[in-house]
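Asks: One structure, as structure tokens, below. Some questions next.
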């Protein structure tokens, strides 16, 4: 299939599974650094969301522009979704001020999400800052199947958007005192570790990619042959993850963060340059992404 044909096929996947809902706010949780987790009653979106998909959310009736936010969790049976965000403008500030019972318009779920390969069950999930939500969603997707062996690594230079807890899950490739984790992942029995330069208790001091390298360097060739990398976060972090994956010859999928106007493929305001078999091409992050092969977005030097 040609690159154009694949792009069209991906865009068409949203037809019949993209909904506009009048969602109601269930709860708003506040964390240091002006970070929030808002739970929304949006049954149609919850039923069709996949790890890596996002919503285009109305923040307030007085603000015409919507905001694209990654879905962190979705409960199809209960009809709710969670979105995590950090205030960076008046739109998200207005969203963080909402109360239970308030109603907001939601378009979603949007986008092409992560597709783990069963041939590589050792899944390394790397989330940086507001790139943490898709990693939590992917971890939850994998947690109930013993065939998968996920490891979640998260980095942040501001306080993490959850209370740190000491993990009881051993990680023999790290000192015993580097044991802080996300309570939800610990509850799911998924090993996870945190990285930061901000000297948080029990957190690895360094970049999250440094932490990932420590884990990868402890794997033998057999384990590496069954490992795949997934990441979401700032562009600089994703480039570092892509370079690391190429160094270890690992497949890697990255979820890109771009400014969006329409988020449904109409405005082409979120296009990025992607290398394809047919040469360079501009792809819309909203409907042809946000997940892409890392090597296509961040080709190795000299490619």
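Bear in mind these aren't lab numbers, they're just calculated from the coordinates by the rules spelled out. All values reported here derive from a predicted model rather than from experimental measurement. Neighbour counts run over all protein chains shown; Cβ positions are idealised from the backbone, glycine included.
Asks: Rounded to the nearest 500, what is the 222 nm mean residue ellipticity of the chain from helices alone, with -39500 (n - 2.57) per DSSP H run of 4+ residues and division by all residues?
Replies: The helix-only estimate for the chain comes to -6000 deg cm²/dmol at 222 nm.
Asks: Which order, highest average first, do 245-254, 211-220 follow once you tally other Cβ atoms within 10 Å for each residue and take the mean per peptide?
Replies: Top of the packing list down: 245-254, 211-220.
Asks: Just how far, in whole angstrom, is the stretch 154-205 from the stretch 23-98 if you go by their alpha carbon centroids?
Replies: About 25 Å separates the Cα centre of the stretch 23-98 from the one of the stretch 154-205.
Asks: While we're here: Let's test the formula: R0 of 25 Å, r as the Cβ-Cβ distance of residue 117 and residue 77. What FRET efficiency results, to the nearest 0.05?
Replies: 0.35
Asks: In nanometres, what is the gap between the two model label sites at residue 169 and residue 213, each 7 Å from Cα along Cα-to-Cβ?
Replies: Computed distance between label sites residue 169 and residue 213 equals 2.4 nm.
Asks: For an R0 of 35 angstrom, estimate the FRET efficiency from the Cβ-Cβ distance between residue 22 and residue 158 and round to the nearest 0.05.
Replies: Efficiency computed from Cβ-Cβ geometry: 0.60.
Asks: A further question on this structure: How far is the Cα center of the stretch 215-239 from the Cα center of the stretch 268-295, in Å?
Replies: Centre-to-centre distance over Cα atoms comes out at 21 Å.
Asks: Still on this model: Multiply the residue gap between residue 267 and residue 143 by 0.36 nm, knock off their C-alpha separation, and tell me the result in nm, one decimal place.
Replies: Roughly 40.9 nm would be gained on extension.
Asks: If packing is taken as the mean number of other Cβ atoms within 10 Å per residue, what is the order of 82-88, 96-102, highest first?
Replies: 82-88, 96-102
Asks: Taking the simple approach of a point 7 Å from Cα along Cα-to-Cβ for both residue 189 and residue 61, what is their distance in nm?
Replies: If labels sit at residue 189 and residue 61, their model points lie 4.8 nm apart.
Asks: Now a separate question. Spin-label point model (7 Å from Cα, Cβ direction): what's the residue 47 to residue 88 distance in nm?
Replies: 3.3 nm
Asks: Please list the radius of gyration and Dmax for the stretch 197-253, considering alpha-carbon atoms only, with Å as the unit.
Replies: Rg, Dmax (Cα atoms, Å): 12.2, 35.
Asks: Further, regarding this structure: Where both residues lie in the stretch 122-254, what percent of DSSP beta bridges are antiparallel, nearest 5?
Replies: Here the share of antiparallel DSSP bridges comes out near 10 percent.
Asks: Run through the DSSP bridge list for the chain and note the antiparallel percent, rounded to the nearest 5.
Replies: Around 65 percent of the beta bridges assigned by DSSP in the chain are antiparallel ones.
Asks: Also, I was wondering about something else. With the Cα gyration tensor of the stretch 122-254 giving a ≥ b ≥ c as the square roots of its eigenvalues, does the rule (a/c under 1.5 for rounded; else a/b larger than b/c for prolate; else oblate) give rounded, prolate or oblate?
Replies: Taking the square roots of the gyration eigenvalues as a ≥ b ≥ c, the stretch 122-254 is rounded.
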